[in-house]
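Student: Can you keep this structure in mind? I'll have questions shortly.
What follows draws every value from the coordinates through simple rules; no lab data is involved. Remember, it's a predicted structure, so these values are computed and weren't measured experimentally. Don't worry about glycine lacking a Cβ; one is built from the backbone with ideal geometry, like all the others, and counts go over all protein chains shown.
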Amino acid sequence: METAKESRPATASDAAHGPRKREAFATGLGVLAATIGSAVGLGNIWKFPGMTGQNGGAAFVIVYLVCTVLVGLPVMISEQMLGRRARKDAVNTLRELAPRRQPWWLIGAAGGLAAFLIMAFYSEVAGWVFAYVYKSVSGSILSTDPATNSAVFGDLTGSAWEALFWQWLVLAWVGVIIMMGVAKGIERVTKRLLPLLLLLLIIVCVRSVTLDGAGDGISFLLKPDFSKVTGAVVLAAMGLAFFKLSVGMGTMITYGSYFKDEQNIPMTATRVMLADLSVSLLAGLAIFPAVFAFGFDVDAGPSLLFITIPAVFASMPGGDFFVVVFFVLTAIAATGAMLSIVEVPVAFLSEQFRMSRKVATLLTLGLLAIVGAPAALSMGELSDVTIFGKTFFDLYDYASSNVLLPLGGMFMCLFVGWVWGFDKVKRALSNDGKLNNSRAITVFFTLVKYVTPLLVLLVLLDGLNII
Ligand code: PHE
């Protein structure tokens, strides 16, 4: 195992010196931990179960798995490869690697927009998690009664001040960590605590699947009913695959730019994908058996996690304590993901405009406090205000996951497959011939050149009702 001694870890003062001295992840293990830290987050614990419940269970999960392998993974490898080659933020990576005058950097710019939209609602959901930490410490929220649990959640999301307070607290928290710098801030937080989250999820799974009546929840997750799979459902599953792996907007370009030259990218990306899938499936197994056992509504979407988890802990010895730990770990997982989202605009602003990271971070988070507020109010004051039939919260989510990320991913593949070409890909992914992975590279290249972009295009056209 590599240790941090091999190379000097980057420090906050490196960060303050701005664009010239790039930071780097200190160790190979740090790369894996930070990348998993970006991928694993509310997407696994909150979004995956919520969407699976709304979209009919097992069939949705299968479509999602296929999209992850055929779309998410190739895009992740592409991004990390490009970022490491150029060692720049997303916009400037694409600008540098593309032939002159070809506007591929627009992918990076669209990614910046996606990052904003995602953060605008993600920070609110993270706010709910922080609020649940507070609530579970300050008084018991444990109950198996659907009405009680829905009321606790409804009070939180319905109150304008509470919703805004928690969102802004989250933004401030992210700001403090990001100003500490990449290696120090991100590696430290994620490396240590994700294994604990995994362990706790396993414990919750065991409790959940042994509840009376859990069987229905297990079959909901395992027995597919493909009659529920429409074009819109496939698009939702593909959008989730992008969101989950943090791809399609340049996060993985930015992270790739901090990778070491020796990092084996296809291997790293595959490991990240497997780890990420495991956490999602575990979260599903922790939640659905309980949903059915207690007679909750599987269709609850965004509130599903927050009403079900207290019920599982209510039926567990030591539940009062474990529920606090659960929400604390979820908050930490959400933090790792948010750091990587905010890193996209921060890296761009600081390198493009020679801003200090501090100023770039403050600017980004200040803007987010404004753009995010309507999402925070979407379950309360602004619940009647809709655009294209969606609240701000849903609109930010839909526009980013179902439109911007797939478009970004598709163009990224087209760039790698048709502009960059096989020779450069081969050199980049074999670490200039040092790795013996030509079969994997050929498979990757075929996917990226033909299969992935075509698939994304078809799903987009069908899901958006264009064909
Ligand atoms: N993958 C993260 C999650 O599942 C969210 C994310 C999306 C992070 C896009 C970065 C970029 O929680």
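Student: Mind checking which of V170, Y255, S150 is farthest towards the positive end of the chain's charge dipole, using Cβ charges of +1 (Lys, Arg) and -1 (Asp, Glu) about the Cα centre?
Tutor: Y255
Student: Specify the angular offset, from 0 to 90 degrees and rounded to the nearest 10, of the alpha carbon long axis of helix 146-158 from the longest principal axis of the alpha carbons in the chain.
Tutor: Result, in degrees: 50.
Student: What's the ranking of 121-127, 384-390 by average number of surrounding C-beta atoms within 10 Å, highest first?
Tutor: Peptide ranking by packing, descending: 121-127, 384-390.
Student: Excluding G421 itself, calculate the net charge of residues whose Cβ lies under 12 Å from the Cβ of G421, where each Lys or Arg counts +1 and each Asp or Glu counts -1.
Tutor: Overall, the nearby charge balance is +3.
Student: Quote the convex hull volume per residue of segment 246-291, based on C-alpha atoms, as a whole number of Å³.
Tutor: It is 82 Å³ per residue.
Student: About the Cα centre of the chain, what is the dipole size in debye to 20, counting +1 per Lys and Arg Cβ and -1 per Asp and Glu Cβ, all else neutral?
Tutor: Dipole size: approximately 2100 debye.
Student: All other residues with a Cβ under 9 Å from the Cβ of G250 taken together, and with Lys, Arg as +1 and Asp, Glu as -1, what is their net charge?
Tutor: Working: positive: none; negative: E79, D89.
With Lys, Arg at +1 and Asp, Glu at -1, the neighbours total -2.
Student: Per 0.36 nm of contour for each residue apart, how much would the distance between R192 and I467 grow if the chain were fully extended, relative to their Cα-Cα spacing?
Tutor: 94.3 nm
Student: Residue farthest toward the positive end of the dipole of segment 76-183, with Cβ of Lys/Arg at +1 and Asp/Glu at -1: which of G139, V91, A120?
Tutor: Of the candidates, V91 comes out farthest on the positive side.
Student: Going by average Cβ neighbours within 10 Å, how do the peptides 442-455, 132-145 rank, with the highest at the top?
Tutor: 442-455, 132-145
Student: Applying a 10 Å radius around every beta-carbon, put 45-53, 93-101 in order of their mean neighbour count, most first.
Tutor: Working: 45-53: 25.3, 93-101: 15.8.
Most protected by this proxy first, the peptides run 45-53, 93-101.
Student: For the chain, calculate the relative contact order in percent as a whole number, restricting contacts to Cα pairs under 8 Å that are 6 or more residues apart.
Tutor: The value is 33 percent.
Student: V69 to D155: extension gain in nm, 0.36 nm per residue of separation minus the Cα-Cα distance? Intermediate results must be reported in sequence, preceding the final value.
Tutor: On the way: separation 86, 0.36 × 86 = 30.96 nm, distance 3.93 nm.
My answer for the length gained is 27.0 nm.
Student: Among the listed pairs K228/K449; K47/K135; K260/K434; K88/K260; K244/K358; K426/K449, which have their C-alpha atoms separated by more than 23 angstrom in this model?
Tutor: K228/K449; K244/K358
Student: Per residue of segment 368-373, in order, report the coupling 6.51 cos²θ - 1.76 cosθ + 1.60 (Karplus, θ = phi - 60°) as ³J(HN,Hα) in whole Hz, putting x for Gly and Pro.
Tutor: With coefficients 6.51, -1.76 and 1.60, one gets 5, 4, 7, 5, x, 3 Hz.
Student: Go through segment 201-211 residue by residue and turn each phi into a ³J(HN,Hα) via Karplus (6.51, -1.76, 1.60, θ = phi - 60°); whole Hz please, and just put x for glycine and proline.
Tutor: Per-residue couplings from phi come out as 4, 5, 4, 5, 4, 4, 4, 5, 6, 9, 6 Hz.
Student: Translational diffusion coefficient of the chain at 10 °C, 1.306 mPa s, Stokes-Einstein with Kirkwood Rh over Cα pairs, in µm²/s as a whole number. Working shown, then result.
Tutor: Values: Rh = 22.2 Å.
Reported coefficient: 71 µm²/s.
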